[in-house]
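Every read-out reported here was derived from the displayed coordinates using simple, explicitly stated rules and does not represent laboratory data. A quick note: this is a predicted structure, and the numbers were derived from the prediction, not measured. Cβ: placed from backbone, ideal geometry, glycine included. Neighbour counts: every protein chain shown.
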Amino acid sequence: GLATALSSAVLAQDISGKVIGFSQIGSESGWRAAETSVTRQEAEARGVDLKFADAQQKQENQIKAIRGFIAQGVDAILLAPVVATGWEDVLAEAQEAEIPVVLLDRGIEAPEDLYLTAVMSDQVLEGRVAGEWLVEAVGDEECNVVELQGTVGSSPAINRKQGFEEAIAGHDNITITQSQTGDFTRSKGKEVMEAFLKSTNGGEDICAVYAHNDDMAVGAIQAIKDAGLKPGTDIKVVSIDAVPDIFTAIAAGEANATVELTPNMAGPAFDALAAYWADGTEPEKFIITESKLYTAEDDPEGEYERRKDLGY
Ligand code: GZL
């Protein structure tokens, strides 16, 4: 009857014992650390044997890891691609070996048949939401924005820049006056913000900083304080990821807004693989996760509590 049909369907989705290789970028940000921790938890919950490889943000290390997984004969490969180009050859080798590849949290420029699905946010939307918040916050005031870009050549850096620029287009009072990569890290974010402040005579005409992730925003906040200015008021701070530390800053009035990025890309990835292995179900090519704006009005202390134990 229905019960047996359901249980056999559930059993068919059982992927325990599968060996899955995960080529992770590194641990450049709190968000990335949380993604790794959640991926391990999701694998554990499904009885998956996860083989983890940290690339220290180098593409050649990811390519080596993928070749290692192919040689090992893993059942599937998860890849969080540090940059968007240069993947065709190694993914063709995985395809040749009939090992399905699932992309996590970043996209690539390659034929879509080289991967089963990509689980990621709409990064252009993230940038647009951040830009729309700033448009709303500044009204008709003149506002010079400095931008801390993510890793050069990564899909989030490209897309978040595009989305933000779309949002501020047509608002001539808002101008991006400086833009440089902080490589998604706190230390680089602080360093680049220091340079932005120096080059504008201590930041006197900087109205806002847009950081492609919260970690660079946290670094920028420190630089703004070191320059004797008040982050969140003298210089508005808007970024993306919704990590616990940005909620601490928002609660303290030192940051203004963040756009949430779930660290759980692996859950949908494992579910897509389970269905694919069960009966050949082809998943959507892109499984898009939610993007939600949080500001001081959204219980930042509570949001901190909800996230503080997720491995950021
Ligand atoms: C975005 C993801 C980004 C995060 C950063 O999907 O690739 O990489 O926003 C991380 O924190 O470094």
(message) Using the Karplus curve 6.51 cos²θ - 1.76 cosθ + 1.60 with θ = phi - 60°, what ³J(HN,Hα) values do you get for each residue of region 76-86, in whole Hz, with x for Gly and Pro?
(response) 7, 10, 9, 9, 9, x, 4, 10, 8, 10, x
(request) Place a label point 7 angstrom from the Cα of E166 along the Cα-to-Cβ direction, then list the residues of region 276-310 whose backbone nitrogen is under 18 Å away. (result) 286-293
(message) Taking amide H atoms as placed 1.01 Å from N in the peptide plane, list the residues 5 or more away in sequence, or in a different chain, whose amide H sits under 5 Å from that of L293.
(response) E260
(request) Would you please give the residues with an amide H less than 5 Å from that of A118, counting only those at least 5 places away or on a separate chain, with H modeled from the backbone geometry? (result) L103, F286, I287
(message) Can you list residues from other chains, or at least 5 along the same chain, whose modelled amide H is less than 5 Å from the amide H of K51?
(response) I20, G21, F22
(request) Just report the Cα centroid separation between region 247-312 and region 16-53, whole Å. (result) 15
(request) Convert each backbone phi in region 56-72 into a coupling constant with the Karplus relation 6.51 cos²θ - 1.76 cosθ + 1.60 (shift: θ = phi - 60°), then list the ³J(HN,Hα) values in order as whole Hz, x for Gly and Pro. (result) 6, 6, 10, 4, 5, 6, 5, 4, 4, 4, 4, 4, x, 4, 5, 4, 5
(message) If neighbour count is taken as other Cβ atoms inside 10 Å, put K64, K225, K236 in order from fewest to most.
(response) K225, K64, K236
(request) Determine the dipole magnitude for the chain: charges of +1 sit on the beta-carbon of Lys and Arg, -1 on that of Asp and Glu, nothing else is charged, the reference point is the Cα centre, and the result goes in debye to the nearest 20. (result) 860
(request) Please check the chain for the longest run free of GluC sites (Glu not before Pro) that are loop-located per DSSP (anything but H, G, I, E, B) and have at most 14 other Cβ atoms within 10 Å. (result) 1-97
(request) Rounded to whole Hz and in sequence order, give me ³J(HN,Hα) for region 229-238 from the Karplus expression 6.51 cos²θ - 1.76 cosθ + 1.60, θ = phi - 60°, writing x for Gly and Pro. (result) 10, 9, x, x, 10, 4, 10, 5, 10, 10
